[in-house]
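Step one of this worksheet: look at the structure below.
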Amino acid sequence: MVEMIAQTSTPELDQVMQQVAEHKGCGTEGGSGKASCGSAAGQGDLPTEIWEKVKNHPCYSEEAHHHFARMHVAVAPACNIQCNYCNRKYDCANESRPGVVSEKLTPEQAAKKVVAVASVIPQMTVLGIAGPGDPLANPAKTFETFELVAQGAPDIKLCLSTNGLALPEYVDRIAQYNIDHVTITINMVDPEVGAKIYPWIFWNHKRYTGIEAARILSEHQLRGLEMLTERGILCKVNSVMIPGVNDKHLVKVNKAVKSRGAFLHNIMPLISAPEHGTVFGLNGQRGPSAQELKILQDECQGEMNMMRHCRQCRADAVGLLGEDRSAEFTTDKIMAIDVNYDLESRRTYQQAVEVERQAKVAAKHEELAKFAGEESDISLLVAVATKGSGLINEHFGHAKEFQIYELSTSGAKFVGHRRVDMYCQGGYGEEDTLATVIRAINDCHAVFVAKIGGCPKADLTAAGIAPVDEYAHEFIEKSALAWFKTYLEKVSSGEVEHQPRGDAQIRQGALITAA
Ligand code: CLF
Ligand code: SF4
C-alpha cells in the first residue's frame, strides 16, 4: 500500500516512508538533519491555538494544501433547500463540481473507509462531510460518522460543510463532537438577491418560496455563523459568484461574515452549462472569467483571508486538493485493504513534511531578501505545473491544472489555479488542447514546468507566455522570485518591454471531465 503515496512524495519523504514501512519510528537523519516536531513554518501572526487548527488543514491554509490531503465521505444524500445552480441528480454544488455523482455510504462503511485511507495516505489529515446533499439535513448519519471516525482515527480533524439552514439547531452538537471547522455557503445577505438564487427552502415541516425563503435562510446562516464563532469553531464561508446576480453584492456578504467572525472567505466561480440540467445552466447564466473572479477576491481581501485554492471537490474526494484519488478507494477496494492504523507512523511522516515545509519557507524568505530596497510597479502572474510539495515537478504535457502566482517586489502570492485538459495524450501533443491551455493561462507572463517539448514551447512563446524549465524540481516561490528578479533587470536594461497580459478563461469543461 505504501506505493500509493508515492505520487506526491520527494526523495526525503520517500526515505521517511521507507522508515514508516519498516516501523522504525521518528529519526533525525535525512533532510536538514533536524526533526522539528510540530514547529511553525508559515504561522505568521496567527495565534498559536488557531495555527494548530489550520497548519495541516489543506483548505484553511494555502500553505498546507501543497502537502496535506483531505477526504470526503458521501453519507448525506438529502437536502433541505434548492439552489438554482444545483441538479439533485448530482452532488451538492456548494462544495462540488456540478455533474459529479458520488458513491453513497453508510456511516459504518464511511468510517471504515476513513481509517483505511488514513492508514495508506499519512498526509491525509482531514475528514470532511460535504454531501452529496446537506450534512445537517441528514444529522443522524452525519454525526454517527463523525463519532465512529473519532474512535477509529483520533488524529483526523473533522470538518463539515452546510448550506446553513439547519445550523442554529446543531451548533451545540457540532461543538460536542469536536468538529473544529465548519463551512457555510452564503451567497447573499439581501433576500431580494437570495430569491434569484433559491426557489425554495424546506424548514419546520413547511416549504417556503421567494423572498420569504431567502430571508429565513439568510437569518439562519448568519445566526449559525455567530453561534459557531462564539464557541471558538473556525468558520469558512463559501460564496458562489454569479455574474449579474450576486457578483457586486458579495462585497457586502464579505463584510457581513467578517464582522461575525468568519476566518476565511472562499469566493468560487459559478460552473454552469446546459448539460448539468440546472436552472442557471438551462437559462444560459454564465460563470465569471478568471479576471472577474480575481478582481472580486482582491476587493474582498482585507483583514479576513480569501481562499483562492479551492478545487470545488466532489462529495467523495480523496487526496491532495487538485488530485483525485477517489477511484483508488471504492467500497470493494476498501474492504480488501489490510488496515494498519499506525498513529506513530502517521506522526513521523507529518513531522518530515513539516521539515520540508520549513525549508521551503526559508528558501522563499532568502530569495525575497534580495529585493530589499528595490521598488517596482510591475506585478505579474505566472503559471506553475506541480504535483504538490511546493515544487515545480510536473511536465507541461501532463499537467491537469496550473497554479497561478502573482509576483511583485513584495513577494510571490498564490492567487488561484486553472484546470486544463492534459496536453500530452498518449505520447503526442494535442494542438486543440494546447489552444485551450493557452486560453486558461493567457493572463500569465510565464509558465514554470519540470519539462516541456519543442512544439508547445514555440506556441507558448508565440502567444507571449515564456516557458521556463530551468527551475525543474525546485521550490516554486523561490524559483518564481529568482526569475522575476531577472525579469525586472531585463526591463530596466531595456532588453524586455513589460506588457500587460489579457484575461483568461475558467475552463468549465475541464472542471467536469477531470472529476
Ligand atoms: Fe472538505 Fe470543505 Fe472541509 Fe475542505 S473541501 S468539507 S473545507 S475538508 Fe476545500 Fe474542496 Fe474547496 Fe471545500 S477545496 S470544495 S473548500
Ligand atoms: Fe444542491 Fe447543495 Fe444547494 Fe442542496 S445545498 S440544493 S445539494 S447545491
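The values are calculated or read from the model by the stated rules, or taken from the named source; none is laboratory data. This one's a predicted model, so the numbers in the text were calculated from it and none came from an experiment. In this analysis, Cβ positions are derived from the backbone assuming ideal geometry, glycine residues included, and neighbour counts consider all displayed protein chains.
When you look at K258, is it part of a strand (DSSP E or B) and closer than 26 Å to G128 by Cα, yes or no? For K258, the condition - part of a strand (DSSP E or B) and closer than 26 Å to G128 by Cα - is not met.
Residues checked against (1) surrounded by fewer than 17 Cβ atoms within 10 Å (Cβ to Cβ); (2) modelled with pLDDT of 85 or more; (3) away from ligand 1 (no atom under 16 Å from the Cβ):
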position: H309; (1), (2), (3): no, yes, no
position: E323; (1), (2), (3): no, no, no
position: T330; (1), (2), (3): yes, yes, yes
position: K333; (1), (2), (3): yes, yes, yes
position: E344; (1), (2), (3): yes, yes, yes
position: V355; (1), (2), (3): no, yes, yes
position: K360; (1), (2), (3): no, yes, yes
position: A363; (1), (2), (3): no, yes, yes
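Among residues of segment 305-331 that are under 14 Å from H72 (Cα atoms), those with a beta-carbon under 8 Å from a residue that is within 10 Å of ligand 1 (Cβ to nearest atom) and among the acidic types (D, E) at least six positions away or on a different chain give the pairs Q312/E95; C313/E95; A315/E95.
N187 falls short on exactly one of the conditions (1) crowded, with 23+ Cβ neighbours inside 10 Å; (2) under 25 Å from A262 (Cβ atoms); (3) within 14 Å of ligand 1 (Cβ to nearest atom), and that condition is (3).
Scanning segment 118-136 for residues that are in contact with a helix residue (DSSP H, G or I) (Cβ under 6 Å, 6 or more places away or on another chain) and either within 16 Å of ligand 2 (Cβ to nearest atom) or under 23 Å from F202 (Cα atoms) (or both) gives I129, P135, L136.
Counting only strands (runs of 3 or more DSSP E) wholly contained in segment 378-474, the ones carrying 1 or more residues that are aromatic (F, W, Y) and buried (at least 17 other Cβ atoms within 10 Å of the Cβ) occupy 401-408, 411-419, 444-448. Scanning segment 274-287 for residues that are surrounded by fewer than 20 Cβ atoms within 10 Å (Cβ to Cβ) and touching a residue at least 40 places away in the same chain (Cβ under 8 Å) yields a count of 5.
For segment 137-161, the set of residues classified as within 16 Å of ligand 2 (Cβ to nearest atom) and without any contact (Cβ under 8 Å) to a residue 60 or more places away in the chain consists of P139, L160, listed by residue number.
Could you please find all residues in segment 123-152 being closer than 30 Å to V355 by Cβ and over 23 Å from the mean Cα position of the chain (by Cα)? Within segment 123-152, A150, G152 meet the criteria.
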